[in-house]
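Chemist: After the structure tokens below, expect a handful of questions from me.
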Amino acid sequence: CSLDCIVSNGTVVTASDVGRYDIGIKDGKVMLLAPAFSLANVPAGRVIDAEGAYVMPGGVDAHVHLAEPELFGKGKPADDYTTGTRSAIAGGTTTIIAFAPQEKRETTVLKALDEAAAKAANNSFCDYSFHIIMTNPVRQALDEFTTLRERGISSVKIYMTYEALQLRDNQILDVLLQARTHKITTLIHAENGDMLNWMTDQLESRLLLAPKYHATSRPQILENEATNRAISLGQLIGAPILIVHVSSPAAAKTIRKAQTRGLPVYAETCPQYLFLTRKELERPGFEGAKCLCAPPPRDSTDDLEGIWRGLDNGTFTILSSDHCPFIYDDAETGKKSAITEDAPLGRFRYIPNGCPGVETRLSLVMGANRLTPQRFVEVTSTNPAKLYGLYPKKGALIPGVSDADLVIWYPSMEPFTLTNDLLHHNVDYTPYEGKTMSQWPRYTLVRGEVVWDRDNGGIVGSRGYGQFVKRESSYFCKDLPPWDVEAF
Ligand code: DUC
Ligand code: ZN
Ligand code: ZN
């Protein structure tokens, strides 16, 4: 039979194996995985000679903010599904999970899902799904978990901070219990909102307003307290939880202890907590705002080392971007909207929290050369696919089963200096401007189609090719007996 495409003689890396193979692709799927050169005589529509390259399952970025309303009460995210997923494929990511936020005044979550689905449909360059953000977990919304599962959604995110989003502990328990029943994974933003507001008031009363005080207002203890509490709430219910965007070694240690006790606690970190320290918030003038995200970049390179260690030793299940894009130079909706006449360096309280990063996630970590290639695939593709019910369609290269989503790297490529004009998002900066990049994907394939060809056209995929992917429950989800208060 003829194949649509053969990727020949590459070093194929999955989470479990490394070896020289040919990959045969047909109808968007991995059809054959055979020893190198063994497909040499098979007719194919296209042959990609991957000699000297790493061939990996495409990146799965499970934390991307696109086309959201003014979520945190400040600033408006700049990327929509078109620009955000364009940026994703240029960086080797083939599936994203974005957010569908419930408005606080709504009693349904299905409206949020419908709105996100409408925004993504016919606009996306790569495959996608959504996490529901639950801000009002009333009975109706909780009862809709059945419908969410029918519609292929198996995760919800909740917040322990931000006035417009924050849930009380009893509300968190309501969500966890319902999530457990429906095999839904709960993502938790773990920062203590009251501590944070109090610290912010303290700093403001002393007129300490510049971007760098954002980090002062959210010390590690505030993340660690909320992480501890989230773990305890999860333990009471016996529900799996995923702590998102973990920034501090203190919280990583708390998570590791819980995992050692056998609790179903998973954790995510992001490149900003591997590469940026709070020093970046002290860039001249207002420039520090470019690296302002929540949780904040931590104090020292020792802190960065602590996060790398957690990524290496299994504390962190996944590495996502937390791509949360705000224009810098826009006084209405961007970072600069926090600047007023009486606060020329802005008031950190009002600076939109978040950095762009969907395109740089894989290259930064690949280039750092700190993880084995297999561990790299595990945390950037296979584990997010397993955690969120996409595996083995995504995150694997199983013949006849997995989509032919690939990222192809040539480790011998010429290093280059990163500048924002090389990126494909709708943001006017990158926190990593001027950084020497030793790695960048040469090709990205989504369901067998080359969508990114760095040396020959750049973005060659098309808007609208990306499909919604229905998700199952988490691969890590165990069958549990019903939760029973009388068992206590
Ligand atoms: N949480 C996120 O997940 N992203 C950006 C800001 C935030 O607080
Ligand atoms: Zn968050
Ligand atoms: Zn986020």
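Chemist: Suppose each label sits 7 Å from its Cα in the direction of the beta carbon; what would the Glu204-Glu150 distance come out to in nanometres?
Modeler: 4.5
Chemist: Something else about it: For the chain, what is the percent of antiparallel DSSP beta bridges, rounded to the nearest 5? Kindly include the intermediate steps, with their values, before the conclusion.
Modeler: On the way: 30 of 68 bridges.
Just about 45 percent of them are antiparallel.
Chemist: Can you compute the label reach from Glu282? Point 7 Å from Cα along the Cβ direction, backbone N cut-off under 12 Å, restricted to region 198-230.
Modeler: The answer is 212-213.
Chemist: Under 12 Å from the Cβ of Val246, count the other residues' Cβ atoms, weight Lys and Arg +1, Asp and Glu -1, and hand me the total. List each step's numbers first, then the result.
Modeler: Values: positive: Lys253, Arg256, Arg298; negative: Glu191, Glu223, Glu268, Asp303, Asp322.
Here the count lands on -2.
Chemist: Using Cα pairs under 8 angstrom and six or more residues apart, how large is the relative contact order of region 294-364, in percent? Walk me through the numbers on the way to the answer.
Modeler: Details: 66 pairs, mean separation 20.6, N = 71.
Once divided by the residue count of region 294-364, the mean separation gives 29 percent.
Chemist: Right, next: Apply 1/(1 + (r/R0)^6) to the Cβ-Cβ distance of Ser16 and Lys257, taking R0 = 30 Å, and write down the FRET efficiency to the nearest 0.05.
Modeler: Numbers: r = 28 Å, r/R0 = 0.92.
Once rounded, the FRET efficiency stands at 0.65.
Chemist: Along the charge dipole of region 148-190, which of Ala164, Ser154, Leu176 sits closest to the positive end, that is, farthest toward it, with unit charges on the beta carbon of Lys, Arg, Asp and Glu (+1, +1, -1, -1)?
Modeler: Ser154
Chemist: Defining a contact as two alpha carbons under 8 Å apart and six or more residues distant in sequence, what relative contact order in percent does region 338-411 show? Mind dumping the intermediate values first?
Modeler: Working: 41 pairs, mean separation 9.4, N = 74.
Across region 338-411, relative contact order equals 13 percent.
Chemist: Collect residues whose amide H, placed 1.01 Å from N in the peptide plane, falls under 5 Å from the amide H of Ala62; neighbours closer than 5 in sequence don't count.
Modeler: Here the answer is Ile97, Ser321, since their amide H atoms fall under 5 Å of that of Ala62.
Chemist: Between Asp27 and Ala117, what is the FRET efficiency for a Förster distance of 41 Å, r being their Cβ-Cβ separation, to the nearest 0.05? Show your work: numbers first, answer last.
Modeler: Numbers: r = 25 Å, r/R0 = 0.61.
Computed FRET efficiency for Asp27 and Ala117 comes out at 0.95.
Chemist: Also: For the chain, take the longest principal axis of its alpha carbons; what is the angle in degrees between that and the long axis of helix 110-120, to the nearest 10 within 0 to 90?
Modeler: With rounding to tens, the tilt is 50 degrees.
Chemist: Another one. Using the charge dipole of the chain (Lys, Arg: +1 at Cβ; Asp, Glu: -1 at Cβ; taken about the Cα centre), state which of Ile237, Met366, Ile25 has its Cα farthest towards the positive end.
Modeler: So the residue furthest toward the plus end is Ile237.
Chemist: Protein chains only, probe 1.4 Å: how do Trp483, Trp198 rank by accessible area, largest first? Working shown, then result.
Modeler: On the way: Trp483 80, Trp198 150 Å².
Largest accessible area first, the residues go Trp198, Trp483.
Chemist: Over the chain, what relative contact order in percent results from Cα pairs under 8 Å that are six or more residues apart?
Modeler: On the way: 1207 pairs, mean separation 107.9, N = 488.
This gives 22 percent for the chain.
Chemist: Based on Cα positions only, what radius of gyration and what Dmax would you give for region 133-190, in angstroms?
Modeler: 10.6, 31
Chemist: Can you compute the charge dipole magnitude of the chain about its Cα centre, using +1 on each Lys and Arg Cβ and -1 on each Asp and Glu Cβ, nothing else charged? Give it in debye, rounded to the nearest 20.
Modeler: Values: 50 positive and 58 negative charges, 157 e Å.
In total the dipole reaches around 760 debye.
Chemist: Let me ask something additional. To the nearest 10 degrees, how steeply does helix 169-181 sit against the main Cα axis of the chain, on a 0 to 90 scale?
Modeler: Computed tilt is about 30 degrees.
Chemist: Normalised radius of gyration for the chain, please: alpha carbon Rg relative to 2.2 N^0.38 Å, two decimal places.
Modeler: Taking the Cα Rg and dividing by 2.2 N^0.38 Å, one obtains 0.94.
Chemist: Highest mean first, what order results for 219-226, 57-64, 394-401 on Cβ atoms within 10 Å? If you can, show how the numbers build up before the last one.
Modeler: Values: 219-226: 21.0, 57-64: 30.2, 394-401: 19.2.
Highest to lowest by the protection proxy: 57-64, 219-226, 394-401.
Chemist: While we're here: Got a number for the accessible area of Glu204? Probe 1.4 Å, square angstrom, nearest 10.
Modeler: Rounded to the nearest 10, the figure is 30 Å².
Chemist: Quick check on the chain: helices-only [θ] at 222 nm, where DSSP H runs of length 4 and up contribute -39,500 (n - 2.57) each and the sum goes over total residues. Nearest 500, please.
Modeler: Values: 14 runs with 128 residues, N = 488.
Mean residue ellipticity at 222 nm (helix-derived): -7500 deg cm²/dmol.
Chemist: State in Å² the accessible area per residue of region 364-481; use a 1.4 Å probe, count heavy atoms of protein chains only, and round to the nearest integer.
Modeler: Numbers: 4930 Å² over 118 residues.
The answer is 42 Å² per residue.
Chemist: Taking the Cα centre of region 266-346 as origin, work out the dipole magnitude from +1 charges on Lys and Arg Cβ and -1 charges on Asp and Glu Cβ, in debye rounded to 20.
Modeler: Numbers: 8 positive and 15 negative charges, 26 e Å.
So the magnitude is around 120 debye.
Chemist: In whole percent, how big is the carbon plus sulfur part of the accessible area of the chain, probe 1.4 Å, protein atoms only? Before the final figure, lay out the partial values.
Modeler: Numbers: 9050 of 18410 Å².
That share works out to 49 percent.
Chemist: Let me ask something additional. If you take the beta carbon distance between Val485 and Glu106 as r and set R0 to 35 Å, what does 1/(1 + (r/R0)^6) give as a FRET efficiency, to the nearest 0.05?
Modeler: Numbers: r = 29 Å, r/R0 = 0.83.
It comes to 0.75.
Chemist: Placing +1 at every Lys and Arg Cβ and -1 at every Asp and Glu Cβ, with all other atoms neutral, what dipole size does region 176-231 have around its Cα centre, in debye to the nearest 20? Could you put the intermediate results ahead of the total?
Modeler: On the way: 6 positive and 6 negative charges, 51 e Å.
The calculated dipole for region 176-231 is roughly 240 debye.
The values are calculated or read from the model by the stated rules, or taken from the named source; none is laboratory data. Not measured: the values here are computed from a predicted model. Cβ: placed from backbone, ideal geometry, glycine included. Neighbour counts: every protein chain shown. Ligands, DNA and RNA are excluded from the accessible area calculation, which covers all protein heavy atoms including side chains. Shrake-Rupley method; radii C 1.70, N 1.55, O 1.52, S 1.80 Å.
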